[in-house]
Amino acid sequence: MGFLSILGQTHKLIQERVKQGDIVIDATVGNGNDTLFLKKLVGDNGVVCGFDVQITAIENTVKRFSDAGISLEHVHLIKNSHDKMLEVLPPSMHEKVSAIMFNLGYLPGGDHKKITQQETTIRALQHSLLFLEKDGIITIVVYSGHPGGKKEADAVLTWVQNLPQQYYQVLSYQFLNQKNNPPFLIAILKR
Ligand SMILES: C[S@@+](CC[C@H](N)C(=O)[O-])C[C@H]1O[C@@H](n2cnc3c(N)ncnc32)[C@H](O)[C@@H]1O
């Protein structure tokens, strides 16, 4: 049996820590796959907040839920940049969120120019730390193959490597011999 894919490993780490009733954030909604995954984990009493800058992503996600027959109750899809989460989400959510997922890059099947950007990604990650509860997890799936992707990947790596180890555990999961800039996973655990 092969190793888990990047997405499989991401979901495994999240699944191990998120339970019914939790509050979670999908920082890059895209086509809604991770949003739906999170909604199934937190259930009817949990809350999912999702950010995306593109209306297409929000629409695709509404359709994704409808196709799956899953209710959007307590799912807040926010058409805004994830680096605005501090302004948009209530202070009552600070240190209450068990998981925050980032899946960087562009919307599959969408406009490849509308990509996550180094500055906003790092700002959103900084703000995410304020929302994360103790033992909460942030996952970041990083792509470096598209224009600007390498710069963003390097910025993310530098940022996570500088997180103080007494407060955060940081790991990476990646395939070292795959061709064509495969994605890799960074996970941050708040202690
Ligand atoms: C790789 S896709 C996400 C895929 C998604 N997780 C899924 O399961 O389908 C990246 C998404 O990030 C969005 N994005 C780009 N910049 C953003 C920003 N500043 N804030 C929030 N989302 C952003 C893009 O519009 C795109 O939909």
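The values are calculated or read from the model by the stated rules, or taken from the named source; none is laboratory data. In this text the structure is predicted, and so the values were computed from the model without any measurement. For neighbour counting, all protein chains shown are included, and Cβ atoms are generated from backbone atoms with ideal geometry for every residue, glycine included. The area values use the complete protein model at the heavy-atom level, side chains included, leaving out ligands, DNA and RNA. Shrake-Rupley method; radii C 1.70, N 1.55, O 1.52, S 1.80 Å.
State whether the chain is rounded, prolate or oblate according to the following rule on the C-alpha gyration tensor (a ≥ b ≥ c being the square roots of its eigenvalues): a/c under 1.5 gives rounded; otherwise a/b larger than b/c gives prolate, and the remaining case gives oblate. Here the chain falls in the rounded category. If you roll a 1.4 Å probe over region 129-170 with all protein chains in place, what percent of the accessible area is carbon or sulfur? The nonpolar share, carbon plus sulfur, comes to 52 percent. Working note: Karplus 6.51/-1.76/1.60 with θ = phi - 60° gives region 98-111 the couplings 8, 8, 10, 10, 10, 10, 6, x, 10, 5, x, x, x, 6 Hz, where Gly and Pro are set to x. The listed residues 93, 1, once ranked by accessible area (1.4 Å probe) with the largest placed first, stand as 1, 93. Summing charges over neighbours of residue 142, with a neighbour being any other residue whose Cβ is under 11 Å away from its Cβ, gives -1 when K and R count +1 and D and E count -1. The value of relative contact order for the chain, using C-alpha pairs under 8 Å at least six residues apart, is 20 percent. Accessible surface of region 19-92, 1.4 Å probe: 53 percent of it comes from carbon and sulfur atoms.
Accessible surface computed residue by residue for the chain, with neighbouring protein chains in place and a 1.4 Å probe, gives 52 Å² per residue.
Simple spin-label estimate for residue 73 and residue 191 gives 4.1 nm between the two label positions (7 Å along the Cα-to-Cβ direction from each Cα). First measure r as the distance between the Cβ atoms of residue 169 and residue 3, then evaluate 1/(1 + (r/R0)^6) with R0 = 25 Å and state the FRET efficiency to the nearest 0.05. Computed FRET efficiency for residue 169 and residue 3: 0.75. GNM on the chain, C-alpha springs below 10 Å: top fluctuator among 119, 87, 73? Its mean-square fluctuation being the largest, the pick is 87. Here residue 134 and residue 154 are evaluated by their C-beta separation; at R0 = 35 Å the FRET efficiency comes out at 0.75.
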